[in-house]
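The values are calculated or read from the model by the stated rules, or taken from the named source; none is laboratory data. Since we're looking at a predicted model, the values are computed, not measured. No Cβ is skipped: glycine too gets one built from the backbone with ideal geometry, and neighbour counts run over all protein chains shown. Calculation scope for accessible area: heavy atoms of the full protein, side chains included, ligands and nucleic acids excluded. Shrake-Rupley method; radii C 1.70, N 1.55, O 1.52, S 1.80 Å.
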Amino acid sequence: MLRDGTIKKQLALLKEDIDLYACRLEYDLNLAKGYKNYSYMRKFLKLFFGRNCFRYVLYFRLDPFSRFVSFFFPPPYDSTAIWSNRDGVVGGGIFLMHAWGTVLNCEHIGKGCSFLQNTTFGNKLNKDGVYVRPWLGDNVDVGANVVVIGGVRIGNNVKIGAGSVVTKDVPDNCTVVGNPARIIYKDGQRVDISL
């Protein structure tokens with residue numbers, strides 16, 4: 001059972017998730033111009049009934065109660081998100097645009113991270129015989145069909161292009177694309193650096 005402090009923490013993180021969803025989906029949800037003044041309950045209801053993928057974030061945040069809620073409001077059949085990091089840290093402001101085929105098995109996910117469909121973050125057996133998982137900083141945007149495997153460390157403010165395969169660390173403020181992934185932008189400057 002969750003302690004009171006943990007429930008309060010998860011609810012605070014859920015508020016950050018709601019804010020990010022409302023900001024990014026302002027037009028899709030037909031929010032009025034002054035939507036920032038909406039109560040959290042009003043934004044929550046718009047998201048819960050208007051965006052299927054938001055339910056996965058909600059069910060992750062409220063894990064002990066999610067089975068009860070999902071009995072009445074099941075996750076959408078057309079999308080699946082698997083959170084394998086129950087023991088890991090997940091910051092606020094997580095955004096799943098399309099959760100189809102998304103597996104997030106990370107050691108740490110920072111604040112303000114967004115993921116598109118068919119994304120896989122997976123563990124890998126290292127030389128010591130221990131499974132290691134990816135670590136993500138804050139504000140990481142991940143495109144569709146991305147694969148990140150092993151004890152890879154992704155820095156803050158990183159964009160990972162669609163179809164990329166990342167097996168090595170990525171520094172802060174970079175854009176990476178390709179298989180194997182290469183840095184094409186670093187600190188706003190066009191570069192071509194292999195990882």
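Points to keep in mind about this one:
- Annotation: amide H-H contacts under 5 Å for Ile109 (H modelled 1.01 Å from N, sequence separation of 5 or more, or interchain): Val89, Val90, Gly91, Leu136.
- Long-range HN-HN contacts of Val170 with modeled amide H, under 5 Å: Arg153, Ile154, Gly155
- Sequence-ordered 3J(HN,Hα) estimates for region 129-135 from the Karplus curve with 6.51, -1.76 and 1.60 and θ = phi - 60° stand at x, 10, 6, 10, 10, x, 10 Hz, glycine and proline given as x.
- Rough spin-label spacing in nm, given labels placed 7 Å along Cα→Cβ, for Cys23 and Asn157: 1.4 nm
- Here the 3J(HN,Hα) profile of region 158-165, calculated from phi with Karplus coefficients 6.51, -1.76 and 1.60 at θ = phi - 60°, is 10, 10, 10, x, 4, x, 6, 10 Hz, Gly and Pro shown as x.
- Within region 159-195, trypsin sites (Lys or Arg not before Pro) in DSSP loop having at most 15 other beta-carbon neighbours inside 10 Å: Lys168
- Under 5 Å between amide hydrogens, built in the peptide plane, is the criterion, and for Arg182 it picks out Val177 among residues at least 5 positions away or on other chains.
- Between Arg190 and Asp138, full extension at 0.36 nm per residue minus the direct alpha carbon distance yields a gain of 16.5 nm.
- Shape class of region 112-160 from the Cα gyration tensor (axes a ≥ b ≥ c, square roots of the eigenvalues): oblate, since a/c reaches 1.5 or more and a/b does not exceed b/c.
- Per-residue HN-Hα couplings for region 109-117 [Karplus 6.51, -1.76, 1.60; θ = phi - 60°; Hz; x = Gly/Pro]: 10, x, 6, x, 8, 10, 9, 9, 5
- With the whole protein complex present, Ser194 retains an accessible surface near 70 Å², based on a 1.4 Å probe.
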